[in-house]
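The values are calculated or read from the model by the stated rules, or taken from the named source; none is laboratory data. These numbers were taken from a predicted model, which means no experiment stands behind them. All Cβ positions, even for glycine, are placed from backbone atoms using ideal geometry, and neighbour counts span all protein chains on display.
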Amino acid sequence: MATHKLLLLPGDGIGVEVMAEVKRVIGWLEKVGLASFAIEEDLVGGSAYDSCGQPISEGAMKRAFEADAILLGAVGGPKWADVAYEARPEAGLLRLRKDLELFANLRPAICYPALASASSLKPEIIEGLDLLIVRELTGGVYFGKPKEIVDIADGQKRAIDTQVYESYEIERIARVAFEIARTRRNKVVSCEKHNVMKSGVLWKQVVSEVHAADYADVGLEHQLADSCGMQLVRAPKQFDVIVTDNLFGDILSDVAAMLTGSLGMLPSASLGAVEEISGKRRALYEPVHGAAPDIAGKGVANPIAMIGSLAMALRYSFNLSEAADRIEAAIAGTLAAGFRTGDIAGTGGSTVVGTSGMGDAMLAELDKAA
Ligand SMILES: NC(=O)c1ccc[n+]([C@@H]2O[C@H](COP(=O)([O-])OP(=O)(O)OC[C@H]3O[C@@H](n4cnc5c(N)ncnc54)[C@H](O)[C@@H]3O)[C@@H](O)[C@H]2O)c1
Ligand SMILES: CC(C)[C@H](C(=O)O)[C@@H](O)C(=O)O
Ligand SMILES: [Mg+2]
């Protein structure tokens, strides 16, 4: 069996706590012979800043380039509120995404049957939900220049962020969305604001051209981003794949996450281009949620988004679909058996557990099916 190079970057806050549960699941996979890993671990975010004055060290970046896949917990927290903007914890994550060219961020939102009542929406609106947000991750206002605060007349200041997209960036993310849609329900909604933004005009045009040239068999609808947000809470089951830019994708994926009951449920994959010779692609897997300073250190965080991110890594980076299926089935089984962390408690579950208790329940479920 091939040994896969996996880099673990737990990060800050609950990132460390949920990564501890993933390590147990990795141990289980190796024990039963479903996977074999060469594991390295390093710092990112505030913990890296505390250790070396940077939100990610050059050594960790080198390891990231050498890994077959990266699993990241979460970064950030109030402890680092006053560090220089360039050295803030989030800059470590953004550097990983940019330098590794992880332009395609896949954020699935699935409503597990056992959790239909966990959503703030009515169960009938949410039951059976299965949508995928394909977020452009290395362009747009996150990285456009200039990005600065400058002094202007009369003691005033001006803050500038720049939204920039080139057609190749839109084209490649559109192709990812159309390709994935073909493996699902064959429907893409492209989301921008062409009524206000030039980048929206170009986005709509390029997506339409790619569609007409190579994906006319896939359903395509254009929605304005604000309207898409409204539709996501009005009738989320109309969506299959949503393709959108970096900032709209950030916002819409938090909305989609809460449709399913909790931010603690949603995994994600950030993928680079497939290399021609090796057929490999760079990849980082992380939960959609952050470091959750309000609950960090209490042992109550939900580890399911992090464990689901491992399942995505097994599927997309290592072609270990049996192992991925087993983990996803164990997540569904654990929820069906009534185990709930605090964020999804009171939703038909009978046993409220902490982070490691949810890990125990997952391992018991994995053992049962083995
Ligand atoms: N990918 C990342 O590393 C990432 C993502 C989002 C936010 N952040 C950072 O995290 C910090 C906190 O940001 P925030 O509070 O806006 O977002 P957050 O996702 O950390 O938390 C939002 C809310 O959801 C809850 N929550 C999140 N994950 C949970 C889990 N697994 N189990 C139970 N409850 C969970 C939190 O307790 C909180 O009430 C900030 O510094 C932000 O920049 C990092
Ligand atoms: C932490 C932050 C930089 C990040 C983003 O804005 O992309 C987060 O919110 C996310 O959704 O991954
Ligand atoms: Mg976000």
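Give the number of residues within region 66-106 that are in contact with a helix residue (DSSP H, G or I) (Cβ under 8 Å, 6 or more places away or on another chain), of a type outside the set (K, R) and assigned to a loop (DSSP other than H, G, I, E, B).
Residues flagged as in contact with a helix residue (DSSP H, G or I) (Cβ under 8 Å, 6 or more places away or on another chain), of a type outside the set (K, R) and assigned to a loop (DSSP other than H, G, I, E, B) within region 66-106 amount to 7.
For residues that are crowded, with 23+ Cβ neighbours inside 10 Å, assigned to a loop (DSSP other than H, G, I, E, B) and not aromatic (F, W, Y), tally how many sit in region 225-251.
So the count comes out to 1.
Please determine whether any residue of region 94-102 is within 30 Å of A336 (Cβ to Cβ), within 12 Å of ligand 1 (Cβ to nearest atom) and touching a residue at least 40 places away in the same chain (Cβ under 8 Å).
So far as region 94-102 goes, no, none of its residues is within 30 Å of A336 (Cβ to Cβ), within 12 Å of ligand 1 (Cβ to nearest atom) and touching a residue at least 40 places away in the same chain (Cβ under 8 Å).
Six or more apart or on different chains, Cβ under 8 Å: which pairs go from a residue in region 189-211 that's under 23 Å from P236 (Cα atoms) to one that's charged (D, E, K, R) and assigned to a helix (DSSP H, G or I)? Could you list them?
As it stands, the answer is S190/K204; E192/K204; K193/D226; H194/K204, since those pairs meet every condition given.
Quick check on my filter: what residues within region 298-324 are within 16 Å of ligand 1 (Cβ to nearest atom) and either under 13 Å from the mean Cα position of the chain (by Cα) or more than 15 Å from D343 (Cα to Cα) (or both)?
I304, A305, M306, I307, G308, S309, L310, A311, M312, A313 - these are the residues of region 298-324 that are within 16 Å of ligand 1 (Cβ to nearest atom) and either under 13 Å from the mean Cα position of the chain (by Cα) or more than 15 Å from D343 (Cα to Cα) (or both).
May I ask you to say which residue of D226, D240, D217 is among the acidic types (D, E) and touching a helix residue (DSSP H, G or I) at 6+ places or on another chain (Cβ under 7 Å)? Reasoning before the result, please.
Details: D226 fails: touching a helix residue (DSSP H, G or I) at 6+ places or on another chain (Cβ under 7 Å); D217 fails: touching a helix residue (DSSP H, G or I) at 6+ places or on another chain (Cβ under 7 Å).
Matching residue, one of D226, D240, D217: D240.
Looking at (1) modelled with pLDDT of 95 or more; (2) closer than 30 Å to V22 by Cα; (3) surrounded by 19 or more Cβ atoms within 10 Å (Cβ to Cβ), which is the one condition that is false for T260?
Unmet for T260, out of (1) modelled with pLDDT of 95 or more; (2) closer than 30 Å to V22 by Cα; (3) surrounded by 19 or more Cβ atoms within 10 Å (Cβ to Cβ): (1).
Yes/no per residue for (1) farther than 28 Å from A114 by Cβ; (2) free of Cβ contacts under 8 Å to residues at least 60 places away in the same chain; (3) not hydrophobic (A, V, I, L, M, F, W, C):
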site: D214; (1), (2), (3): yes, yes, yes
site: G229; (1), (2), (3): no, yes, yes
site: N246; (1), (2), (3): yes, no, yes
site: I251; (1), (2), (3): no, yes, no
site: A257; (1), (2), (3): no, no, no
site: S262; (1), (2), (3): no, no, yes
site: M265; (1), (2), (3): no, no, no
site: L284; (1), (2), (3): yes, no, no
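From the list A174, A225, A235, exactly one residue is in contact with a Cys (Cβ under 6 Å, 6 or more places away or on another chain), away from ligand 1 (no atom under 16 Å from the Cβ) and at pLDDT 95 or above. Which is it?
Exactly one residue qualifies, and that residue is A225.
Mind listing whichever residues of region 23-65 are part of a loop (DSSP other than H, G, I, E, B) and in contact with a Pro (Cβ under 6 Å, 6 or more places away or on another chain)?
Listed by number, the residues that qualify are G45, P55.
Determine which single condition V141 fails, assuming it passes every other condition in (1) part of a helix (DSSP H, G or I); (2) more than 19 Å from the chain's Cα centre (by Cα); (3) within 18 Å of A91 (Cα to Cα).
The failed condition is (2).
In region 65-85, which residues are away from ligand 2 (no atom under 16 Å from the Cβ) and closer than 17 Å to M19 by Cα?
Once the filter is applied, which keeps residues that are away from ligand 2 (no atom under 16 Å from the Cβ) and closer than 17 Å to M19 by Cα, region 65-85 yields only A69.
For region 252-263, how many residues meet the condition of being away from ligand 2 (no atom under 11 Å from the Cβ) and either out of contact with any strand residue (DSSP E or B) (no Cβ under 8 Å at 6 or more places or on another chain) or part of a helix (DSSP H, G or I) (or both)?
Of the residues in that region, 6 qualify.
P267: of a type outside the set (S, T, Y), in contact with a strand residue (DSSP E or B) (Cβ under 9 Å, 6 or more places away or on another chain) and near ligand 1 (Cβ under 10 Å from one of its atoms), yes or no?
So P267 does not fit the description; no.
R135 passes all but one of (1) among the charged types (D, E, K, R); (2) under 14 Å from the mean Cα position of the chain (by Cα); (3) part of a helix (DSSP H, G or I); which number fails?
(3)
Condition first: away from ligand 2 (no atom under 16 Å from the Cβ), farther than 17 Å from F318 by Cβ and modelled with pLDDT of 95 or more. Now tell me which residues in region 273-300 satisfy that.
I295, G297, K298, G299, V300
Return the pair list, or none, for Cβ contacts closer than 6 Å from residues in region 300-318 that are under 16 Å from L34 (Cα atoms) and among the aliphatic types (A, V, I, L, M) to residues that are within 16 Å of ligand 3 (Cβ to nearest atom) and not in a helix (DSSP H, G or I), at least 6 apart or on different chains.
Close Cβ pairs satisfying both conditions: M312/P267; M312/A269; M312/Y285; A313/Y285.
Quick check on I344: is it over 23 Å from G46 (Cα atoms), within 11 Å of ligand 1 (Cβ to nearest atom) and modelled with pLDDT under 95?
So I344 fits the description; yes.
Considering only region 122-149, how many residues are touching a Pro at 6+ places or on another chain (Cβ under 8 Å) and either at pLDDT below 90 or more than 30 Å from A336 (Cβ to Cβ) (or both)?
The number of residues fulfilling the criteria is 0.
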